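*Asks:* Can you read through this structure? Questions will come right after.
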Amino acid sequence: MKKLLALLCSLCMLVTMLVGCGGQEAASTESAGSSDTMIALITMDSIDQHWVTLNEGAQKAASELGVNVQFMAPNTKDDAQQIECVNNAVSAGAKAIIVAANGPDAISSALKEAAAAGVKIIYVDSPANVEAEATFSTDNKAAGATAGEEMKKALEAAGVTSGTIGIINVNAATDSCVMREEGFRSAFEGSGFELLETQYGEGDAAKSQSIAENYITQGVVGIFGCNEGSTTGAGNAIKAAGSADVIGVGFDKSDAILGLIEDGYLLCTMAQNPDVMGYEGVKAAVKAINGESLGGAVTDTGVSVLVATGNTAAAEEAAPAAGDYKIALITMDSIDQHWVTLNEGAQAKAAELGVEVTFMSPNTKDDAQQIECVNNAVAGGYNAIMVAANGPDAISSALKEAAAAGVKVVYVDSPANVEAEATFSTDNKAAGATAGEEMKKALEAAGVTSGTIGIINVNAATDSCVMREEGFRSAFEGTGFELLETQYGEGDAAKSQSIAENYITQGVVGIFGCNEGSTTGAGNAIKASGNAAIVGVGFDKSDAILGLIEDGHLLCTMAQNPDVMGSMGVEACVKALNGESLGGIVEDTGVSVLTK
């Protein structure tokens, strides 16, 4: 992608450069160490700081080695979504997949298919039951036993030698957490303590807190959380109950967990080294892509016990240096290249300004998930939120609450109906009209002055895409063309392809896609039909779209500048946090028509 971004800086160079980086022939000659080498990083979710830190380590290695690592994890721990991520990675031409499997079996078929397609598999944190090139993880059973010993020592120091202990796990299938629990239980064998039946919170802090509260009402003397969400929930429950006698021990490291330790609501946490996993995982992936045999090596990336007293690492994590700002970047999803590129622009500016930007977007366009991301950002102590709203209203209440809590709000790409410090986006109505004019010119040049045209949009609420459609329709007013009723594909390429195929059976002369997924689906449908007379026009820029244009299955796409949005958005956040008034400014970040 980085190479494509460089190529697209000058349209006059587009054709020449695309010949070198697009299509099957070019793909067959790629070698690791090129920015064309795409590696997919798929973790259990994209929000927990554990996975965010793992991604940071991966991106560091990617930068050093000159490869492209795409973080395409689900927002929540969901087998179906993780399988979809694997399939999307293969479809996108990933040379390797670095994956933290939800469980040992659910994802196995998808990984076997990926491996059969020549994709190299590397595990980080948690493996599946499929052979891989290498695994980088914590010895979870040993670390769980350490957690148990820490709790037992604290209880005995308080004169408690018997009682019940509650365990909150993610689910019964996630191997890493199952092994942590097994190790924890082993530490209490032969003691006077009774370990209660495990309860599952799916890694969600709120669900885990509810479980912990029930444990506390049962009179437990200790609670063990098997991952970040479980640990945070346990600590919050102990804090809310004022139960200073309940010993909380957990796993993973986050600002929330470290704060609960410093305040005395948790005894300690087992801190893994996810950045090491990510960093070493990328290095291994590049070696495997270059033909080096890694022999399925399993490397223990270590663990540390973080406690309140005398713990320098915890103190540093809990008390960031004065002037440091944490900015949450929440887009419509975390997979489309448009959002990935926007994040790259944001990260580049963040590095320049010395602030932290966390990309914590949902995997799919879903209002509830996007609202959850906003709430998580506020709860995580973020100073500002950069957001591309799914729609103008659904997310508004969450953003109002964030603003009321003192969080600065900046819009990128698509605003909501809440005042913000600034907005950086494309004039989508004008760009949509341009797309319509391009299609109209192409049809008229082919002697077509009437016929039906299909439109594929994301949904009826996403303001940016609604305005693109409105502009597109305006270009055909007073012509002999009939624009059919809009169909919605939720930005999903497969759904959009199905819609486009139905349009083609109806005999349309053109199809317009309102975003990356819609455009990719339209182009793939035209390609599959073999009907070169159908004119496809779309929005956004990705390897897949540029390939479809180069091969003649799409006429053109309206290329925004998401990297500019991300860069200017971070700069605006920092200005607002430094007390500068931006007056709600709205800036057009421009668009270009990319053709063959």
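The values are calculated or read from the model by the stated rules, or taken from the named source; none is laboratory data. This one's a predicted model, so the numbers in the text were calculated from it and none came from an experiment. Glycine gets a Cβ as well: all are built from the backbone with ideal geometry, and neighbour counts include every protein chain shown.
*Asks:* Out of all the residues in the stretch 89-107, which are modelled with pLDDT of 95 or more and more than 20 Å from Asn363 (Cα to Cα)?
*Replies:* Within the stretch 89-107, just Lys95 meets the criteria.
*Asks:* Does any residue of the stretch 193-202 turn out to be of a type outside the set (Gly, Ala, Ser) and on the phi > 0 side of the Ramachandran plot? Spell out the reasoning first.
*Replies:* Let us first name the residues in the stretch 193-202 that are of a type outside the set (Gly, Ala, Ser), namely 193-200, 202.
If we keep only those that are on the phi > 0 side of the Ramachandran plot as well, we get 202.
Yes, there is a match, as at least one residue in the stretch 193-202 is of a type outside the set (Gly, Ala, Ser) and on the phi > 0 side of the Ramachandran plot.
*Asks:* Tally the residues that are part of a strand (DSSP E or B) and either of a type in the set (A, V, I, L, M) or under 15 Å from Ser361 (Cβ atoms) (or both), restricting the search to the stretch 37-83.
*Replies:* Going through the stretch 37-83, the residues part of a strand (DSSP E or B) turn out to be 38-42, 68-71.
Retained after the next criterion (residues that are either of a type in the set (A, V, I, L, M) or under 15 Å from Ser361 (Cβ atoms) (or both)): 38-42, 69-71.
Result for the stretch 37-83: 8.
*Asks:* Within the stretch 403-507, considering only helices (runs of 4 or more DSSP H) that don't extend past its boundaries, which have at least 1 residues that are of a type in the set (Gly, Ala, Ser) and closer than 30 Å to Leu582 by Cα? Full working, then the answer.
*Replies:* Values: elements: 428-445, 463-474, 493-505.
Ranges flagged: 428-445, 463-474.
*Asks:* Taking Asp125 as meeting all but one of (1) farther than 24 Å from Ile257 by Cα; (2) not small (Gly, Ala, Ser); (3) not assigned by TED's automatic domain parsing to the domain that holds Glu228, write down the number of the exception.
*Replies:* Every condition holds for Asp125 apart from (1).
*Asks:* I'm trying to understand the selection: among the residues of the stretch 178-202, which are under 14 Å from Phe251 (Cα atoms) and acidic (Asp, Glu)?
*Replies:* Result: Glu181, Glu182.
*Asks:* Got a sec? Which of Leu342, Leu294 is at pLDDT 85 or above, closer than 29 Å to Asn75 by Cβ and either of a type outside the set (D, E, K, R) or part of a strand (DSSP E or B) (or both)?
*Replies:* Details: Leu294 fails: closer than 29 Å to Asn75 by Cβ.
Answer to the selection: Leu342.
*Asks:* Looking at (1) of a type in the set (Phe, Trp, Tyr); (2) buried (at least 23 other Cβ atoms within 10 Å of the Cβ); (3) outside any strand (DSSP E or B), can you tell me which one Phe136 breaks?
*Replies:* (3)
*Asks:* Then there's this: Any residue in the stretch 258-281 that's assigned by TED's automatic domain parsing to the domain that holds Gly222 and of a type in the set (Phe, Trp, Tyr): show its pairings with residues that are crowded, with 20+ Cβ neighbours inside 10 Å and modelled with pLDDT of 90 or more at Cβ separation under 8 Å, as long as the two are six or more apart or on different chains.
*Replies:* Tyr265/Gly235; Tyr265/Asn236; Tyr265/Ile238; Tyr265/Gly248
*Asks:* Across the stretch 264-278, which residue is nearest to Phe224 (Cα to Cα) among those that are at pLDDT 90 or above and out of contact with any Asp or Glu (no Cβ under 9 Å at 6 or more places or on another chain)?
*Replies:* Leu266
*Asks:* So for the stretch 514-522 (the condition being farther than 23 Å from Ala430 by Cα and of a type in the set (D, E, K, R)), does at least one residue qualify?
*Replies:* Looking for residues that are farther than 23 Å from Ala430 by Cα and of a type in the set (D, E, K, R), one finds none in the stretch 514-522, hence no.
*Asks:* Can you name every residue in the stretch 156-177 that is surrounded by 22 or more Cβ atoms within 10 Å (Cβ to Cβ) and either at pLDDT below 95 or under 30 Å from the mean Cα position of the chain (by Cα) (or both)?
*Replies:* Ile167, Ile168, Asn169, Val170, Thr174, Ser176, Cys177
*Asks:* Would you check which residues across the stretch 452-475 are surrounded by fewer than 16 Cβ atoms within 10 Å (Cβ to Cβ), in contact with a strand residue (DSSP E or B) (Cβ under 9 Å, 6 or more places away or on another chain) and either among the acidic types (Asp, Glu) or touching a residue at least 40 places away in the same chain (Cβ under 8 Å) (or both) and list them? Give the steps one after another, and end with the answer.
*Replies:* Taking the stretch 452-475 first, the residues surrounded by fewer than 16 Cβ atoms within 10 Å (Cβ to Cβ) are 452, 460, 470, 474.
From the residues that got through so far, the ones that are in contact with a strand residue (DSSP E or B) (Cβ under 9 Å, 6 or more places away or on another chain) too are 452, 460.
Of everything in the stretch 452-475, just one residue is surrounded by fewer than 16 Cβ atoms within 10 Å (Cβ to Cβ), in contact with a strand residue (DSSP E or B) (Cβ under 9 Å, 6 or more places away or on another chain) and either among the acidic types (Asp, Glu) or touching a residue at least 40 places away in the same chain (Cβ under 8 Å) (or both), namely Thr452.
*Asks:* Within the stretch 178-230, take every residue that is small (Gly, Ala, Ser) and assigned to a strand (DSSP E or B) and give me the one that is nearest to Lys141 (Cα to Cα). Explain how you work it out, then say what you get.
*Replies:* We begin by selecting, within the stretch 178-230, every residue small (Gly, Ala, Ser); these are 183, 186-187, 190-192, 201, 203, 205-206, 208, 210, 212, 219, 222, 225, 229-230.
Pick out the ones that are also assigned to a strand (DSSP E or B) and you get 192, 222, 225.
Numbers: Gly192: 22, Gly222: 19, Gly225: 14 Å.
The qualifying residue nearest to Lys141 (Cα to Cα) is Gly225.
*Asks:* What are the pairs with Cβ atoms under 9 angstrom where one residue, in the stretch 476-489, is within 16 Å of Ile511 (Cβ to Cβ) and in contact (Cβ under 8 Å) with a residue 24 or more places away in the chain and the other, located anywhere, is part of a strand (DSSP E or B) and of a type in the set (D, E, K, R)? Sequence gap at least six, or different chains.
*Replies:* As it stands, the answer is Phe476/Glu482, since those pairs meet every condition given.
*Asks:* Now for a different question. Taking the stretch 231-257, which residues are part of a loop (DSSP other than H, G, I, E, B), in contact (Cβ under 8 Å) with a residue 60 or more places away in the chain and touching a helix residue (DSSP H, G or I) at 6+ places or on another chain (Cβ under 9 Å)?
*Replies:* Filtering the stretch 231-257 down to residues part of a loop (DSSP other than H, G, I, E, B) leaves 242-246, 252-254.
Restricting the remaining residues to those that are in contact (Cβ under 8 Å) with a residue 60 or more places away in the chain gives 245, 252-254.
Of everything in the stretch 231-257, those that are part of a loop (DSSP other than H, G, I, E, B), in contact (Cβ under 8 Å) with a residue 60 or more places away in the chain and touching a helix residue (DSSP H, G or I) at 6+ places or on another chain (Cβ under 9 Å) turn out to be Asp252, Lys253, Ser254.
*Asks:* Then there is this: Given the conditions (1) of a type outside the set (Lys, Arg); (2) at positive phi; (3) in contact with a Phe, Trp or Tyr (Cβ under 9 Å, 6 or more places away or on another chain), report the number of the one that Asn236 does not fulfil.
*Replies:* With (1) of a type outside the set (Lys, Arg); (2) at positive phi; (3) in contact with a Phe, Trp or Tyr (Cβ under 9 Å, 6 or more places away or on another chain) applied to Asn236, the lone miss is (2).
*Asks:* Assess whether Ser334 counts as being under 18 Å from Ser396 (Cα atoms) and part of a loop (DSSP other than H, G, I, E, B).
*Replies:* Answer is no for this residue.
*Asks:* Sticking with this one: Within the bounds of the stretch 156-177, is there any residue that is hydrophobic (A, V, I, L, M, F, W, C), farther than 16 Å from Asp252 by Cβ and in a strand (DSSP E or B)?
*Replies:* The first filter runs over the stretch 156-177 and keeps only residues hydrophobic (A, V, I, L, M, F, W, C), leaving 157-158, 160, 165, 167-168, 170, 172-173, 177.
Then keep just the ones that are farther than 16 Å from Asp252 by Cβ; that gives 157-158, 160, 165, 172-173.
Then drop every residue that is not in a strand (DSSP E or B), which leaves 165.
Within the stretch 156-177 (the criterion being hydrophobic (A, V, I, L, M, F, W, C), farther than 16 Å from Asp252 by Cβ and in a strand (DSSP E or B)), the answer is yes, since at least one residue qualifies.
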